[in-house]
1. Provide the gained length on full extension for the span Asp239 to Glu148, in nm with one decimal, where the gain is 0.36 nm per separating residue minus the Cα-Cα distance.
2. To two decimal places, what compactness ratio does the stretch 88-140 give when its Cα radius of gyration is scaled by 2.2 N^0.38 Å?
3. Using only Cα atoms, tell me the angle between helix 358-376 and the longest principal axis of the chain; keep it within 0 to 90° and round to the nearest 10.
4. What angle, in degrees between 0 and 90 and rounded to the nearest 10, separates the Cα long axis of helix 221-231 from the longest principal axis of the Cα atoms of the chain?
5. How would you order 363-376, 235-248 from highest to lowest mean count of nearby Cβ atoms within 10 Å?
6. Can you count the Lys pairs in the chain whose Cα atoms are under 25 Å apart, with each pair 8 or more apart or on different chains?
7. Give me the one-decimal nm value for the distance between modelled label points at Gln104 and Phe124, 7 Å along each residue's Cα-to-Cβ direction.
8. Give me the Kirkwood hydrodynamic radius of the stretch 19-92, using the inverse of the mean 1/r over all pairs of distinct Cα atoms, in Å to one decimal.
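The numbers here are math on the coordinates, done by the rules we state, and not lab data. Not measured: the values here are computed from a predicted model. Glycine gets a Cβ as well: all are built from the backbone with ideal geometry, and neighbour counts include every protein chain shown.
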Amino acid sequence: MTRKRPTQKSKPKQTPAGHRRYDSALLFPTILLVGLGIVMVYSASSALSLKVYGHGYYYLKRQAVFALAGIVALVVCRHFPYRYYRQMAYPLLAMAMALLAMLQIPGLGHSAGGSTRWLHLAGFSFQPSEFGRLAMVIYLAYSLAKKEPQVNQFAIGFVPHVMVLGAMALLIALEPDFGSVVILTTITWVIMFAGGVRLLHLLTPMPIVIVGLGYFLASAPYRLERVASFLNPWAHAADKGYQVVHSQMAFGTGGWVGTGLGQSYQKLFYLPEPHTDFIFSVIGEELGLVGVVVILSLYGVLLWRGINIARACKDLFGALIAVGITTALIMQVCINMAVTVGLLPPKGLPLPLLSYGGTSLLITMCSMGILMNIGSTLSLSRRS
């Protein structure tokens with residue numbers, strides 16, 4: 001009687017980090033938001049497109065192209081090892097500074113709504129501040145990770161990074177784009193705190209910031225008027241409070257389930273920029289509270305996953321990039337939504353993944369791809 005030889009179990013093949021499956025907790029909310037954004041951009045912009053271009057599909061077609069380009073960018077960044085950004089940190093930062101400076105060159109910067117935020121190069125138009133934000137995240141992550149043993153020293157962990165922030169913030173303020181300056185400053189402070197900079201050092205400039213903000217508001221009468229209209233928009237419904245009033249009217253009309261897709265009244269030349277800055281108001285009117293809760297839930301999943309990736313990453317460089325990307329996304333979401341409901345003065349910031357605009361969508365999709373790549377290198381539980 002012959003004995004059966006024990007069969008040796010074959011070891012499961014190790015999948016390289018860059019080829020693991022896509023993180024569904026990041027991918028699905030991102031794709032759903034982009035898809036819903038295309039639908040809502042068409043709904044919000046069709047009347048404007050018909051009036052300006054003679055048909056209702058101008059913004060829809062462009063947003064669809066932006067979305068396809070964004071998906072390609074997401075895939076590329078998902079498979080590009082994030083560790084290579086260490087060598088690219090300074091070149092990316094220098095490129096961002098140069099592009100922001102080019103906005104001040106006559107003929108290159110395009111002005112709209114009193115701000116010069118768009119750069120025209122080789123037939124394309126884009127916002128350097130969006131790229132600058134991502135470049136700043138990568139630079140801060142690299143610099144703080146490199147200086148980790150000494151990051152708690154004021155002259156090493158705080159001063160150099162604040163100086164770089166000041167240079168980029170000044171270039172953005174010249175556009176002017178105060179909302180982007182606020183987001184950039186917040187991202188910098190959060191990354192420095194996560195990177196080990198002492199809290200005392202981070203709180204040191206607060207008195208100067210408060211005094212400077214007070215002077216900034218008092219130095220121009222129109223800024224004080226904007227503050228007054230923000231505090232009581234209905235008393236200034238015909239001028240400074242016009243945007244917020246009609247945005248609140250849109251939410252009030254929407255109720256629980258909305259007026260129905262395509263049935264918004266405020267988008268018919270009452271609500272300014274219904275397909276960009278105030279697309280959330282159109283969503284609230286057409287899809288109601290139910291649609292608003294769905295949107296908030298999708299962003300909440302992205303926030304949850306971004307935090308989990310940052311906490312689980314053993315590499316400080318990758319963890320800080322995850323912190324910066326997640327902070328940038330949620331800051332934009334919070335500020336945009338707060339503006340639409342009247343909790344903040346209008347800032348001119350798009351709603352990530354939903355608002356019309358190629359630069360914002362492309363950079364956000366790149367950021368999601370980078371976050372997925374960081375997550376692919378971790379030994380996370382299925383739902384950490």
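1. Length difference between fully extended and current span is 27.7 nm.
2. It is 1.15.
3. Orientation of helix 358-376: about 20 degrees from the principal axis.
4. The two axes meet at around 70 degrees.
5. 363-376, 235-248
6. Final tally of qualifying lysine pairs is 9.
7. With each label point 7 Å from Cα toward Cβ, the separation is 2.5 nm.
8. Values: mean 1/r = 0.0683 Å⁻¹.
One over the average 1/r among Cα pairs gives 14.6 Å for the stretch 19-92.
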